Amino acid sequence: MTDQDKAIEKQISQQAVNSFNDAPNARYKQIMQSLVRHLHAFVSEVELTEQEWFEGIGFLTDTGHKCDGLVRQEFILLSDTLGVSMLVDAINHRHSATATETTVFGPFYIDGMPDREFGENMAFTPGETALVRGRVVDINGDALAGAVLDVWQTAENGMYSGQDTEQPFGNLRGRYRTDADGCFAIRTIVPVAYPIPTDGPVGRMLDAANRHAWRPAHLHFMIDVPGYRKLVTHLFNHDDPYLQSDAVFGVKQSLQVIYEDLNIHDDVSVRLGMEVPFKRACYEFVMESA
Ligand code: BEZ
Ligand code: FE
């Protein structure tokens, strides 16, 4: 590449950046100019061929076509598998060290799932019986009564209800509330590891990179308490083989729980009339004020 070539390429990039100089919205201008600068730097660095440019356009086109506006959002899946979702999450939750850590929301949340009683069973498909219980507290450790815990997990076949139309409505989903002492109890099944959808362009990308599509077993939570920051997180099974290689980079050490074997009742399982043995996981969620 001659100095003249370099000057021409630099001029193209500068012109594209400058074309946003007069954007009236300062934040929009900042974002677009930075985006164009980084995009041009990337194209220059790898010296993108015309063929590769065309393949990139095809990949993005396929990604859009794979979205159905309901359960399938291939662009979010792309963001997740490129680590962008977790980076955005980290930037936006530079919270106090004491609050519960956040993780990726994922594409399988469904709003308006059934309200469930303390300890109600939300599993209508087979699995290993589990009791997930604990408390929701503020950063001083004081109980938060009436916290709403929206929870969701896959069935043993690795699919979420809604995604898998064979599952009964509301299977492995529900909205629980904490009692006066900030306690919650969820009767469910032990979560299993599952692969993210691979029948689209994101699957092709993972294949080309020799990456697997698995997420370690987890239970999703979205916890809402008036006056506190909404908490979007998971609890991961501590012994899952995919903890070190989550396809969407969502694992955090502080979010791992042990599903211990319980052969005798605890105070909650006896009250709920559960049969022993079962698995039990306990966790205390710490909310930070808004
Ligand atoms: C999930 O955990 O539901 C999920 C997160 C990111 C991508 C796909 C699925
Ligand atoms: Fe999930």
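The values are calculated or read from the model by the stated rules, or taken from the named source; none is laboratory data. Keep in mind the model is a prediction, meaning the values are calculated, not measured. Here Cβ is always computed from backbone atoms with ideal geometry, including for glycine, and neighbour counts include all displayed protein chains. Ligands, DNA and RNA are stripped out before the accessible areas are found, and what is left, the full protein with its side chains, is counted by its heavy atoms. Shrake-Rupley method; radii C 1.70, N 1.55, O 1.52, S 1.80 Å.
Things worth noting here:
- Summing charges over all other residues whose Cβ lies under 13 Å from the Cβ of Gly64, with Lys and Arg as +1 and Asp and Glu as -1, gives -1.
- For Lys279, the aspartates and glutamates whose Cα comes closer than 13 Å to its Cα, not counting residues fewer than 8 places off in the same chain, are Glu128, Glu260, Asp261, Asp266.
- Cα shape, the chain, gyration tensor, a/c 1.5 rule: prolate
- Shape category assigned to region 1-72 from the gyration tensor of Cα positions, a/c cut at 1.5: oblate
- Protein heavy-atom accessible surface, 1.4 Å probe, per residue over the chain: 55 Å².
- Remark on Gly134: its backbone amide H falls under 5 Å from those of Phe184, Tyr283, a criterion applied only to residues 5 or more positions apart or on other chains, H modelled at 1.01 Å from N.
- Distance between modelled label sites at Arg211 and Ala16, nm, 7 Å Cα→Cβ extension: 2.3 nm
- Taking a ≥ b ≥ c as the square roots of the eigenvalues of the alpha-carbon gyration tensor, region 37-105 is classed oblate because a/c is 1.5 or more while a/b is no larger than b/c.
- Dipole magnitude (debye, nearest 20) for region 3-81, charges at Cβ of Lys, Arg, Asp, Glu: 500 debye
- Only aspartates and glutamates eight or more places from Lys29 in sequence, or on another chain, were considered; none has a Cα closer than 19 Å.
- Computed [θ] at 222 nm, helices only, for the chain once each DSSP H run of length n ≥ 4 contributes -39500 (n - 2.57): -9000 deg cm²/dmol
- Leading residue at positive end of dipole, the chain (Cβ point charges), from Asn25, Val46, Leu87: Asn25
- Accessible surface of the chain, 1.4 Å probe, proportion on carbon and sulfur as whole %: 54 percent
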